[in-house]
Structure formats: C-alpha cells, structure tokens
1. How many percent of the alpha carbon pairs in the stretch 277-388 exceed a separation of 25 Å?
2. Compute the distance in nm between two label points, each set 7 Å from the Cα along the Cα-to-Cβ direction, one at Ala25 and one at Asp204.
3. Relative contact order for the chain: what is it in percent, counting Cα pairs under 8 Å that are at least 6 residues apart?
4. For a protection proxy built on the mean count of beta-carbon atoms within 10 angstrom, sort 255-265, 318-328, 188-198 highest first, please.
5. Using the Kyte-Doolittle scale, find the helices of the chain whose mean hydropathy is at least -0.5 and whose Cα atoms extend 20 Å or more along the helix's long axis, counting only whole DSSP H runs.
6. Label Asn269 and Leu387 with points 7 Å out from Cα along Cα→Cβ: what is the distance between them in nm?
7. Assuming R0 = 60 Å, what is the FRET efficiency of Asp325 and Ala405, from their Cβ-Cβ distance, to the nearest 0.05?
8. Taking 0.36 nm per residue of sequence separation and subtracting the Cα-Cα distance, how much length would be gained by fully extending the chain between Thr424 and Ala412, in nm to one decimal?
Amino acid sequence: MLADEVASLLDHLGVSPDRRHGTRAVRSPLTGETIAHLEDASSQGVAETVAHAEAAFRQWRSVPPPRRGELVRLLGLELRDAKDVLGRLVTIEAGKIVSEGRGEVQEMIDICDFAVGLSRQLYGLTIASERPNHRMMEQWHPLGPTGVITSFNFPVAVWSWNAALALVCGNPVIWKPSEKTPLTALAVQALFERAAVKAGNIPDGLCTVLIGGRDVGEALVNDPRVPLISATGSTAMGREVGTQLARRFARGILELGGNNASIVCPSANLDLALRAIAFAAIGTAGQRCTTLRRLFVHDSVHDEFVAKLTRVYASVRIGDPLASDEVLVGPLIDEAAFETMQCALAEARAHGARIHGGERVEEKRFPNAYYVRPALVEMPAQTGPVLRETFAPILYVMKYTDLNAAIEQHNAVAHGLSSSIFSTDMREVEKFLSVAGSDCGIVNANIGPSGAEIGGAFGGEKETGGGREAGSDAWKAYMRRATSTVNYGDDLPLAQGVRFDI
Ligand code: UN1
C-alpha cells in the first residue's frame, strides 16, 4: 500500500497530521491509488494567507539581505538531509524515476546555494549625471508578497527557483501547487518551517501553501495585495493569468509550454547525439516543458540515426520506478494525459506519419495507471500535431537537406523555450546560436534541450511567456528598482539645459 509509505514519509518530513485529512483525494500515478486526503483552502483562507504575507513583508523587507540569505542557507541544509526521502515522495506523487526525483531536490539545493551568494550581490548601479554636483544611482527594493503557481511535473523545484530568490530579495512567498502534487508541497513547507525555527525571528506567514484547484489560483492572481505572480504551466493557463495580471498592472513571470527541437547535422557525433536525444525526448516520460518534441535530421545521416533511435525506443525499460533503478520511463500523470497522447498520434497518422511505439503497457498490472512506450514518429512534414505541444513522450522526426531551411522550420512554431544543435562544424553551431539561428530562450550545442542547470536564466520566448527564473539576473523580477538623483551642490542646474528662472 503506497498510502502507508506516504504517511511514513510525511511523518519523517514533519508534515503535521492536522493537515492530512479532507475531501481532496491525492493519487499516485504509479498505481492510480489514493495516497492521502487534504483540505482545500477556502476563499477566506486565501484572503487571510495574503494578509499574513503582507504583515510578514513589513518585517522581512527590513531584514538585511545577507541575514535573509541565512534562512535560505538553512533551508538548503534541510533539503540536503531530506534529499532521498523528499525525492522518493516526488517519485510517488509525480511518477518520476528515482534518480530524477532526487535530481529535482538537488536542483532545489543548488538554487538555495545560488541565492545565498546572491544575498550579498543585489547590486544597483551608480550612473554618471550630466549635471554638476549630482549623483545618480539605482537601488533594488523588495517588491511584496509573491504568488508562485507550480505544475505537477516539477512539483518542488520550480517553487524553490522562485522562493529562494524571492526570499533573499525580501518578499514573502505564497505557493499554490498543482492539485496533482500537493503532498510534496506540504513536505517542503514543513522543511521550510524547520529552517525558520533554526534561523529564529522569522515572521509568521513568510512562506505559506494554499492547497486547492483553479479557484484558489484565481483568488491569488486577482488579489491586489500580490504584486508578482510566477506561474508555470500550460500556455492556456498563462494566457488567462497574464490577462488578469495586466488588468491590475501586476507583474508576471510566465513559464509556459515548449515545442522544443534539435537539429542533427552531418558532422554530429551520432553516439553522443543518440544519448542526448534519448534523455531529452524519453526522460520524465516526455513531461518536461523542455522535453525534446521535434527532431530535424540531415538527409545524409537520417536513416542510420533513425534506425539507432528506433532500437532505443523499442528497448527502453518502462514501468514502476520504485521496482528497479533500470526503469527509465515512469507513468504519465493521469488518464487525460494518455488520451491526449493517443489523439496526437491518431492525428499524426492522418498526416502520413510512421509511428514506432506509443502504446499502453503494464495495463494488466496497473489498470488505473497509464504507462506508455514512448513514441517515435517519422513525419513527412511539420504539420498537424507537430506544431503544438503534447505533454507526453512523442518525438516527431523530420528530414532536412539545407540548414537555413531547417532553422526556419525550427522557429516556425508558437513556442520558444529550448533548442539544440548537434554538429562539430563551428560555422553551423555559431549560426544556430546567432541572431539568425534559434529564436528560443535556451539554445544549446551538442547537448539536448532539457536538463538546464541553475546558474543560467531559465525561460523562453513567444507563447512560452517570456519569464526568466533561477540564474543570471533573474532576481531583478522579484524587486522594484528606485532611481535616485542626489544634488550635493548649492545650484539647481536642470537636465537637458532647460531654463526655469523664477
Ligand atoms: C519544467 O519542465 O517545468 O531544464 C522545467 C530542465 C529542468 C527544468 C524543467 N531543469 O529540464
């Protein structure tokens, strides 16, 4: 019984039994069984949580940033201690294989480390003034309560990319996790609370979790006391969130879908490309926003490469990730995901596809869980379902002859998250990385499009939403900039030479 194991993992992680009952059933995609019940937040509960966050903000914004970093450092220590247990809960609740469940917690640890360093580097500029005896500068100030809406596929890491930065930037965090993965959120909240006790003097309501469905997310998005919402999920969700935020002039960090592609050139190291593409297309059962979904292979290597890929697709081990470390493909999140995948495959067939795999497996053993063999789909052209994101392990393969034309096709989709090229010809690589190359937020060479590390800014263009999270200067989105001009002289020269003598 997974429910018993989940109960003991939650005990171990310190989730209070008071929070573990209610009418919302949580299921595991591994078996389809119900593993816990929780209570949704009421609309009054949402309003109270935001009020607490607002009160916490008044205190937290005045704590010096390196002291704020100390709390995040302690959170990183809690996560190190809990890595295996929390990783296992991620596997049970989201269906990831064990090493990816642990990898997700490692990504949380990495962003905590990054944010601790950042807490001493929230730099503003000093700017040369055109006026004598004047100094210009900018400061970065905390913004306010930050709402974080996350999706099932990275049930804990995405919160941490936002929360670690928001906390050192001086903002409280209100988390609305996916209704498919609320238990891991409560577990992380319990770890945060442990870190907060160790840190001491942390205001109540600094980090909170709101369990619930769409109505809870909407209440958060529409609350005028929340100046920033970071939302990860589908483009349809992001379109609604973005519109609501625009109406009240609030800020959004949107991390939406991807229809990511790679190009395999004639000079590519094909063995390397094979491993990279297998991980990117099959890993996480095709349920990453960075999953590889389209592949353009040069005519001269196409048949050889597709034959190799077909063998990988036919032999990759699929099943319950808790049963063996050799399992590389866990289940789809639910039946709806399975149906969507089957529709996309049927449509591809109507567009002339040749399909390898894609069928349901393990149905007898797990009638309520949805395991599939990843689908390798040879397409005559980039049409029909190839043009959209289907959140399932489907890789559409197409042939190309001219790199410029392949880059055109590469960019001819609505999303712009991640991309890569496999080539040992530096002219091809540099072209792909150049202004005339990939139009995505992430552009790689000789690795796949997924599996980004924390130091770089993560996010993409077009219908991916435009937000950036995690590394580089992504922290600026969590702060407000104040530009100040100070006159230390006794005259009042005006900018642009304007005269105004009274
Ligand atoms: C997502 O799927 O929502 O680059 C994020 C990657 C991971 C993050 C994926 N670091 O694949």
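Each value in this text was obtained by applying a stated rule to the coordinates, not by laboratory testing. Source: prediction; values computed, not measured. When we count neighbours, we look across all protein chains shown, and the Cβ atoms used for this are built from the backbone with ideal geometry, even at glycine.
1. Working: 1229 of 6216 pairs.
Of the Cα pairs, 20 percent sit more than 25 Å apart.
2. Between Ala25 and Asp204, the simple spin-label model gives 3.5 nm.
3. RCO, the chain: 18 percent.
4. The packing order, highest mean first, is 255-265, 188-198, 318-328.
5. What comes out of the filter, once short or polar helices are dropped, is 43-60, 65-94, 98-118, 182-199, 299-315, 335-350.
6. 3.8 nm
7. Numbers: r = 42 Å, r/R0 = 0.71.
The computed FRET efficiency comes out at 0.90.
8. Working: separation 12, 0.36 × 12 = 4.32 nm, distance 2.47 nm.
Gain in length upon complete extension: 1.9 nm.
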